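Written below as structure tokens is the structure these notes are about.
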Amino acid sequence: MSELKNRVHDVLPGLLGDLEALVRIQSVSADPERSGEVEESALKTAELLAAEGVAAEIVRAYDGAPPAVIGERKGPEGAPVVLLYAHHDVQPENDPADWDSPPFEPVVRGMRLYGRGAADDKAGIAVHVGALRALGDDLPVTVRFFIEGEEEVSSKTLPDLLREYRDQLAADVIVIADSGNWAIGVPSLTTSLRGLVRMDVEVRTLTHAVHSGMWGGLVPDAIMALTRLLTTLWTEDGSPAVEGLVSAPAAELDYPEERLRAESGAAPGTSWIGTGSAVERLWTRPAITVTGLDAPKVAGASNTLVPVARARVTIRLAPGDTSANALTRLQEHLEKYVPWGAQLTTTVVDAGEPTVLPTSGLAYAAARSALAEAWGGVAPVDMGTGGTIPFIAEFRETFPGASILVTGVEDPDTRAHGPNEGLYLPDFERAVLAEALLLQNLGDA
């Protein structure tokens, strides 16, 4: 343990340099104008793996599809096979003015490395590379890699890639490094994840815009109708009002009020919505959010009744629910409550299933031991997450005999997907050590 810990410490400066180089690449998969950056990110990832003896190659589902990196480095004959997953694409940075430093210029402030992708999920790539670098020639298992290039845009071609490269990716254990930890200094294994459905909702009340002074008070405008419809999605306390959505219990973990306030970024005076414990509301109960609106901006708005308005409605699904059920229930609700005979049009954007992972067996025992050692004796927490990793269901279907471990380097203040995304460096070092120890434990098992 101490020797491996020293190796991790020795490789860390170079590893952080490699992570910073990845962060500088603007691999925003949602932006077609930066597709070249996504290609560059895949190439850099393949180079990093190849430098550690991995036979890496860039693959794609079809010409023009986002690039993924797969590869293998063989261990001892008969050793277990471990598939290591991460993704090299990142979320858009949105308004750079909201960042304290340029989003694609990595910078260390205090104990954090800041930059888009510094945690989600280029740190996952760095953890995999760092574990190999620390183990050196003493690799106790065969490792295979799948570094995806479109996770932030719903992993649309991932099922095709899993089918086409199934033999090259098959494994006894799959480690998905794309989640977080319960708290700084407290490691975790993510064992449940909410699902997701997104639907665009359009409401039309007019065939064309008209003067609000001439027709206001008689003709409903589309923004008026849409906002009235959207308010029916919640009860008075903010709980989802769509009937038929599933809820489930959560682990009995205390989430102190001061942590909730600090980590959520809630403005002073904001009260919580919903019912149940904090972790139930965050992990195992549905949540409905409006994540976008199409309507005229306030600046430049005229005295006009707007004929059509749209909103994107997102539902996070509790474990035990299905996307098909949620979409049906949401559609029924909207049709029931659309006001004043307005024309309703709905379009399904995407969907992902919730997941509950088994927490027993050799792989989980090996992971718990490795995490506890790396974090200095702190036992890992089996936690849920309100986020969604829909492709886990694809891995489970393709490799039904594999144990799946969901790990990560994020913490509650990582701010993934938002401005000032940051990686807490002490826990990053522990994560590299934990993965190296995990591979050792799996080899011994």
**Q.** Yes/no for Thr355 being of a type outside the set (Lys, Arg) and open to solvent by less than 20 Å² (accessible area, probe 1.4 Å)
**A.** yes
Q.
Out of Ser154, Ser179, Ser101, I need the residue that is among the hydroxyl-bearing types (Ser, Thr, Tyr), within 29 Å of Ser2 (Cβ to Cβ) and either in contact with a Gly (Cβ under 8 Å, 6 or more places away or on another chain) or at pLDDT 95 or above (or both). Which one?
A. Ser179
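Only residues that are assigned to a loop (DSSP other than H, G, I, E, B), of a type outside the set (Asp, Glu) and surrounded by 19 or more Cβ atoms within 10 Å (Cβ to Cβ): list them for the range 92-120, please.
Those that are assigned to a loop (DSSP other than H, G, I, E, B), of a type outside the set (Asp, Glu) and surrounded by 19 or more Cβ atoms within 10 Å (Cβ to Cβ): Trp99, Pro103, Phe104, Pro106, Gly115, Arg116, Gly117, Ala118, Ala119.
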Q: Might you let me know whether the range 321-337 holds any residue that is at pLDDT 95 or above, touching a Leu at 6+ places or on another chain (Cβ under 8 Å) and assigned to a loop (DSSP other than H, G, I, E, B)?
A: no
Q | Some residue of the range 306-314 being among the charged types (D, E, K, R), assigned to a loop (DSSP other than H, G, I, E, B), modelled with pLDDT of 95 or more and in contact with a Ser or Thr (Cβ under 7 Å, 6 or more places away or on another chain) | A | no
**Q.** Filtered residues of the range 358-403 (kept if over 16 Å from the mean Cα position of the chain (by Cα), open to solvent by less than 40 Å² (accessible area, probe 1.4 Å) and within 30 Å of Gly149 (Cβ to Cβ))
**A.** Ala363, Tyr364, Ala366, Ala367, Ala370, Leu371, Ala374, Pro380, Thr398, Phe399, Ala402
(Q) As an exercise: evaluate Gly408 against (1) touching a Ser or Thr at 6+ places or on another chain (Cβ under 6 Å); (2) surrounded by fewer than 23 Cβ atoms within 10 Å (Cβ to Cβ); (3) of a type outside the set (D, E, K, R) and give the number of the one condition it does not meet. (A) (2)
Q. Is there a residue in the range 204-213 that is of a type in the set (D, E, K, R) and free of Cβ contacts under 8 Å to residues at least 24 places away in the same chain?
A. no
Q: Working carefully through the options Glu37, Glu3, Glu47, find the one that is among the charged types (D, E, K, R), more than 25 Å from Asp138 (Cβ to Cβ), without any contact (Cβ under 8 Å) to a residue 60 or more places away in the chain and not in a strand (DSSP E or B).
A: Glu37
Q. Any residue in the range 171-192 that is under 30 Å from Leu84 (Cα atoms), open to solvent by less than 30 Å² (accessible area, probe 1.4 Å) and among the acidic types (Asp, Glu)?
A. yes
**Q.** Filtered residues of the range 202-217 (kept if open to solvent by 50 Å² or more (accessible area, probe 1.4 Å) and farther than 10 Å from Asn303 by Cβ)
**A.** Glu202, Arg204, Thr207, His208, Ala209, Trp215, Gly217
Q.
Please go through (1) closer than 30 Å to Lys74 by Cα; (2) acidic (Asp, Glu); (3) surrounded by 22 or more Cβ atoms within 10 Å (Cβ to Cβ) for Asp444 and return the number of the only condition it doesn't satisfy.
A. (3)
(Q) For the range 295-315, which positions are open to solvent by 70 Å² or more (accessible area, probe 1.4 Å) and under 25 Å from the mean Cα position of the chain (by Cα)? (A) Arg312
(Q) Just to be sure I understand the filter: pairs with C-beta atoms under 9 Å, separated by 6 or more residues or on different chains, first member in the range 256-283 and under 22 Å from Pro319 (Cβ atoms), second member basic (Lys, Arg) and outside any loop (DSSP other than H, G, I, E, B). Which pairs pass? (A) Trp272/Arg281; Ile273/Arg281; Gly274/Arg281; Thr275/Arg281
Q | Residue check, Asp160 more than 18 Å from the chain's Cα centre (by Cα), among the acidic types (Asp, Glu) and assigned to a helix (DSSP H, G or I) | A | yes
Q.
Can you tell me how many residues within the range 66-91 are within 22 Å of the chain's Cα centre (by Cα) and open to solvent by 10 Å² or more (accessible area, probe 1.4 Å)?
A. 2
Q.
Quick test of your reading of the structure: Trp340 fulfils all but one of (1) open to solvent by 20 Å² or more (accessible area, probe 1.4 Å); (2) over 22 Å from the mean Cα position of the chain (by Cα); (3) of a type in the set (Phe, Trp, Tyr); (4) at negative phi. Name the failing condition by number.
A. (4)
Q: Out of Glu353, Glu421, report the one residue that is modelled with pLDDT of 95 or more and either of a type in the set (Gly, Ala, Ser) or in contact with a Gly (Cβ under 9 Å, 6 or more places away or on another chain) (or both).
A: Glu421
(Q) Can you tell me how many residues within the range 54-65 are surrounded by fewer than 16 Cβ atoms within 10 Å (Cβ to Cβ) and either part of a loop (DSSP other than H, G, I, E, B) or of a type in the set (Phe, Trp, Tyr) (or both)? (A) 4
Q) What tally of residues in the range 417-429 results from selecting those that are under 16 Å from the mean Cα position of the chain (by Cα) and surrounded by fewer than 22 Cβ atoms within 10 Å (Cβ to Cβ)? A) 3
Q) If the Cβ limit is 6 Å and pairs must be 6+ apart or interchain, which residue in the range 357-370 that is at pLDDT below 95 pairs with which residue that is charged (D, E, K, R)? A) Thr359/Asp382
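The values are calculated or read from the model by the stated rules, or taken from the named source; none is laboratory data. What you are looking at is a predicted structure, and each value in this text was computed from that prediction instead of being measured. Cβ: placed from backbone, ideal geometry, glycine included. Neighbour counts: every protein chain shown. Quick note on the areas: whole protein, heavy atoms, side chains included, nothing else; ligands and nucleic acids left out. Shrake-Rupley method; radii C 1.70, N 1.55, O 1.52, S 1.80 Å.
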